[in-house]
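In what follows, a structure is listed as structure tokens, so that the remarks can point back to it.
Each reported figure results from applying straightforward, stated rules to the coordinates on display, with no laboratory input. A quick note: this is a predicted structure, and the numbers were derived from the prediction, not measured. Heads up, the Cβs are rebuilt from the backbone with ideal geometry, glycines too, and the neighbour counts pull from every protein chain shown.
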Amino acid sequence: MDNETLWRMVLSDLEQQVSKAVFQTLLSQTTLVSFDNQIVTIACRKPLLINLIEKRYYDLIKKIVDSYTKSDTRLVFTAKSFPHGEHAAGPLFTLKLPERIEVQRSVRLNPDYTFENFAVSSSNQMAYAAATAVANNPGSSYNPLFLYGGVGVGKTHLMQAVGHFVLNKNKNTRILSCTGEEFTNEIIEAISTKTTTGFKKKYRHLDMLLIDDIQFIAGKYGIQEEFFHTFNAIAQVKGQIILTSDRPPEEINKLEARLQSRFEGGLTIDIGPPDFELKTAILLIKAKQRGVNIPTELAKLITSNVDNIRKLEGVLLRIITESQTRGIPLDENLVRSVLGKVIKEAPKKNSIAPEKAIQAVAAYYNLKLSQIKGTRRDRVLALPRQVLYYILRSELGVPFMEIGELLGGRDHTTVLYGVRKINELLSTNEKIQQDVLGIKTKLFG
Ligand code: ADP
Ligand code: MG
């Protein structure tokens, strides 16, 4: 395989495993300079980004390169600027640029995330009331509206519902919806390409800005600074800002005081985990969206056997698919057979000692027990540890506190955060899905 082909394949694998924004702004800019003696030299069309890419994606890139080259390579990232003419794709890339900006500018709301499709119950009625108030009177009632809560409780859905509502009323409203991570990447990109004016134009002249998972900017002070100015510019002209987070502002570590007080100057609302009725209602809505009517009794049967909403959607999809591909009626038999498989696949919690899980995770990531249990804050250890928290909590049912104690007295909020993080990643990131599956297979056979 020649270098060009190799790199094309590596890039297409990377594209599957990272967010679109990361891929576009960072990874798609890389080129393979040489591959010699197991040393892979990588450059970037935007040399200023090279350190960031190395820091964040070394392991991922190496793993993919190794899988194609069947070797144990070492990656060298070079800031050597990319010589013109060396890449045949040159003009293509410049041609592509305006199109890319257009795509990023478009609003990007999930068409299903509307108020009509949102079921209300005690755990989310406050948040729902606030969101509808903001939708009816953007910029004047609560600014920002700050929604927080665990994974899958409907934060993103509710936030985007406001966007849909406002756009329906006036399609010229200037709305932008992005994640905290995308916002961050765009700032980095703007700084490195000296296009901060464009960035400001894009973000500071909005009627409504929706940022999902704002906790991502924790500890990134330069980004917080830019966000602070963006916030003020929008709020000054009565634009509305809505933010979601996995925890309340005061629990976001390393958040600048002035930002925290800005957040607290708006309305902060917590969305709790859904109860049984709400989960059933959500299931019925999801089924209806797929054009399937499920009798309430069947919906209840499903809900009482599956706990979290994302899993619930997965099970529903499976039931519908089995019914359609096998041409059998969607009835209690089918539901029971699918649930039976799902439940059988679910591990026997508590039957496995936590120590076994610690060993399995360490072995999977080639780490020593002392590394994974230790307290050294090393970048390469962070993810394996979070996966370990997740396995202990979600697969073995070990309480948060106990996990903290098992692992050398770690704070339980660190554990809680790690579990949430992996839960979140599991719905989007194939590498994590693979890792968790691999570890579970090792553990549960
Ligand atoms: P979060 O952002 O809090 O992690 P999401 O908004 O992504 O959660 O919701 C996860 C899934 O559950 C989505 O498909 C969403 O439509 C659905 N969902 C959550 N809460 C509700 C609700 N109250 N009514 C309808 N669907 C809901
Ligand atoms: Mg979300």
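Structure notes:
- Placed amide H near SER177: partners under 5 Å, 5+ positions off or other chain: LEU210
- Over the chain, volume per residue of the alpha carbon convex hull, in Å³: 174 Å³
- Label separation (ALA79 vs GLU264): 4.0 nm, computed from points 7 Å beyond Cα along the C-beta direction.
- Bridging of LYS356 to aspartates and glutamates at a Cα separation below 13 Å is possible for GLU395, once same-chain residues fewer than 8 apart are set aside.
- Label sites at GLN16 and ASP378, each approximated as a point 7 angstrom past Cα along Cα to Cβ, lie 2.9 nm apart.
- Eligible lysines near LYS70 by straight Cα distance, threshold 28 Å, same-chain separation 8 or greater: LYS20, LYS55, LYS62, LYS80, LYS368, LYS431, LYS440, LYS442
- DSSP bridge pairs, the chain: antiparallel proportion in percent, nearest 5: 20 percent
- Backbone N within the range 418-445 under 20 Å of label point (7 Å from GLU402 Cα along the Cβ vector): 418-420, 440, 443-444
- According to the Cα-based calculation, Rg over Rh for the range 360-445 is 0.93, with Rh computed by the Kirkwood formula.
- The sum of -39500 (n - 2.57) across all DSSP H runs of n ≥ 4, divided by the residue count of the chain, sets its helix-only mean residue ellipticity at 222 nm to -17500 deg cm²/dmol.
- The alpha carbon centroids of the range 16-53 and the range 411-443 are separated by 26 Å.
- Here is the size of the range 124-259 from its Cα atoms: Rg then Dmax, 14.4, 44 Å.
- Counting only residues at least eight positions apart within a chain, or on another chain, the lysines with an alpha carbon under 22 Å from that of LYS286 are LYS155, LYS300, LYS311, LYS341.
- A viscosity of 1.306 mPa s and a temperature of 10 °C, combined with the Kirkwood radius over C-alpha pairs in the Stokes-Einstein formula, give the range 185-337 a diffusion coefficient of 84 µm²/s.
- A simple rule links phi to the HN-Hα coupling: the Karplus curve 6.51 cos²θ - 1.76 cosθ + 1.60 with θ = phi - 60°, which for the range 230-235 gives 4, 4, 4, 4, 5, 5 Hz, with x for Gly and Pro.
- In this simple spin-label approximation, ASN232 and ARG174 carry label points 7 Å from Cα along the Cα→Cβ vector, and these lie 1.9 nm apart.
- If R0 is 22 Å, the Cβ-Cβ spacing of VAL292 and SER427 corresponds to a FRET efficiency of close to 0.50.
- GLU4-THR414 FRET efficiency (beta carbon distance; Förster radius 41 Å; 0.05 resolution): 0.40
- Full extension of the chain segment joining TYR221 with LEU60 gains 55.4 nm, where the gain is 0.36 nm per residue of separation less the Cα-Cα distance.
- Under 18 Å from a label point set 7 Å out along the Cα-to-Cβ vector of GLU332, the amide N atoms of the range 284-315 belong to 294-306.
- In this Cβ point-charge picture (+1 for Lys and Arg, -1 for Asp and Glu), the range 373-436 has a dipole of about 260 debye about its Cα centre.
- Counting every alpha-carbon pair across the range 383-424, the share separated by more than 13 Å comes to 39%.
- Extension gain (nm, one decimal) between ASP307 and ALA363, 0.36 nm per residue minus Cα-Cα: 17.2 nm
- If the segment from ILE191 to ASP112 were pulled out straight at 0.36 nm per residue, it would be longer than the present Cα-Cα gap by 25.0 nm.
- Whole-Hz Karplus values for the range 285-299 come out as 4, 4, 5, 4, 4, 8, x, 10, 9, 10, x, 3, 4, 5, 4 Hz, taken residue by residue from phi with 6.51 cos²θ - 1.76 cosθ + 1.60 and θ = phi - 60°; glycine and proline positions read x.
- Under 5 Å, built H, 5+ apart or other chain: amide partners of GLN240: GLY139, MET208, LEU209
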